[in-house]
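Before any comments, here is the structure.
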Amino acid sequence: MPKKTYERLGSSGQPTFNLSEKNGACQNPTTTMTPQNPHSHQSDSYLPAGVGTKTLHILFRELTHFDESSLSKWLATGCRSFYVELCSMEDYKKAATAIRSVSAEFVVALPRILLPQTSGGSESKFLHKIADMQPDAVLARNLEELAFFRDRHVPVIVDFSLNVINDLAFYQMLDWGAERVTFGLDLDETQMMTLLQHVPTERVEQIILGRFPLFTMEHCLWRTQFLKAEEPCHKICRSQPLQIQDRYGALHTVRPDILCRNIVERSEPLETSPHVLSPHVSHYRIEWDDRMQGPPNL
């Protein structure tokens, strides 16, 4: 064992359809457009006072954010790396070019699920395409991604999907080659503050604002709702916004990933309370979308 060395909403409205209260099945989409509720966070500072050396990382899922003017504004707030999660390899290449033009770090946020065998072969082939782009780091959502890029000497940040919720799991990720670790979302504020006392906080990456997935599925809601059985999809998920409404009336945005899976996001963003943020944690991440206000003045 190695020695321990101890962040798609093109329009303001989206078609919605209801989830059946009985069995969770999707009913027909409504014919009206439902306005998207804007994010209510109004503060112009996302980090607590008194934090020493800090680095802000921003995750974007829209190519429109990767122009020199927008990136420069974020750099002025203290951001030093941009995490990229897009839906095509061409878009990844464009984002990489834009990020490197402003001398920032290009970090690829990888898919949450990789199947070992599909009709087209192993989905791990996607990882080889990402490696060929020579990212400065990757955000790994599963153990295969961690091992793949560790073996290629690419820095790996472990995401919350690996559910690190205690110090044993944290140190195991470091032993397996993780550069930084993001805690699992199961921790409440008290548990998070306790865990921060038992791990090297310089190896922690803390999410302070983001809209997180409820689940990921192979079933394509766009195909079910908008296309006939044998009709080709034409990647309509990349241009047609979509939401689903639960039985309580909350609207959850659906977005595709690069492997054509559907990700249903939580309707409201999660925000870390300022008193939970440790002054010793130096890496913070915002997972951005266009419902948020910004960029902030840090």
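The values are calculated or read from the model by the stated rules, or taken from the named source; none is laboratory data. Fair warning: this is a prediction, and the values are worked out from it, not measured in the lab. With ideal geometry, Cβ positions are generated from the backbone for all residues, glycine too; neighbour counts draw on all protein chains shown.
For this structure, a couple of remarks:
- Positions within region 111-137 being at pLDDT 85 or above, of a type in the set (Asp, Glu) and either under 18 Å from Pro256 (Cβ atoms) or part of a loop (DSSP other than H, G, I, E, B) (or both), in sequence order: Asp136
- Of all residues in region 72-85 being of a type in the set (A, V, I, L, M, F, W, C) and at pLDDT below 95, the one that is farthest from Leu139 (Cα to Cα): Ala76
- Tallying residues that are part of a loop (DSSP other than H, G, I, E, B) and in contact with a Cys (Cβ under 9 Å, 6 or more places away or on another chain) within region 220-240 yields 4.
- Those residues of region 131-140 which are surrounded by fewer than 21 Cβ atoms within 10 Å (Cβ to Cβ) and not polar (S, T, N, Q), in sequence order: Ala131, Asp132, Met133, Asp136, Ala137
- Residue-level analysis places Asn163 among those that are under 18 Å from Ile263 (Cβ atoms) and surrounded by fewer than 16 Cβ atoms within 10 Å (Cβ to Cβ).
- Any hit, region 222-240, residues being within 14 Å of the chain's Cα centre (by Cα), crowded, with 16+ Cβ neighbours inside 10 Å and charged (D, E, K, R): no
- Looking only at region 259-272, and only at residues there that are aliphatic (A, V, I, L, M) and modelled with pLDDT of 90 or more, the one that is nearest to Met89 (Cα to Cα): Ile263
- Residues of region 138-182 satisfying the condition of being among the β-branched types (Val, Ile, Thr), within 18 Å of His198 (Cβ to Cβ) and in a loop (DSSP other than H, G, I, E, B): Ile165, Thr182
- Val199 touching a helix residue (DSSP H, G or I) at 6+ places or on another chain (Cβ under 7 Å), modelled with pLDDT under 85 and under 21 Å from Asn163 (Cα atoms): no
Residue by residue, here is whether (1) touching a Phe, Trp or Tyr at 6+ places or on another chain (Cβ under 9 Å); (2) under 23 Å from Lys94 (Cα atoms) holds:
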position: His128; (1), (2): yes, yes
position: Met133; (1), (2): yes, yes
position: Ala137; (1), (2): yes, yes
position: Ala140; (1), (2): yes, yes
position: Leu146; (1), (2): yes, no
position: Arg150; (1), (2): yes, no
position: Asp159; (1), (2): no, no
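- When Glu287, Glu231 are checked against the criterion of being modelled with pLDDT under 90 and of a type in the set (Asp, Glu), Glu231 stands alone in meeting it.
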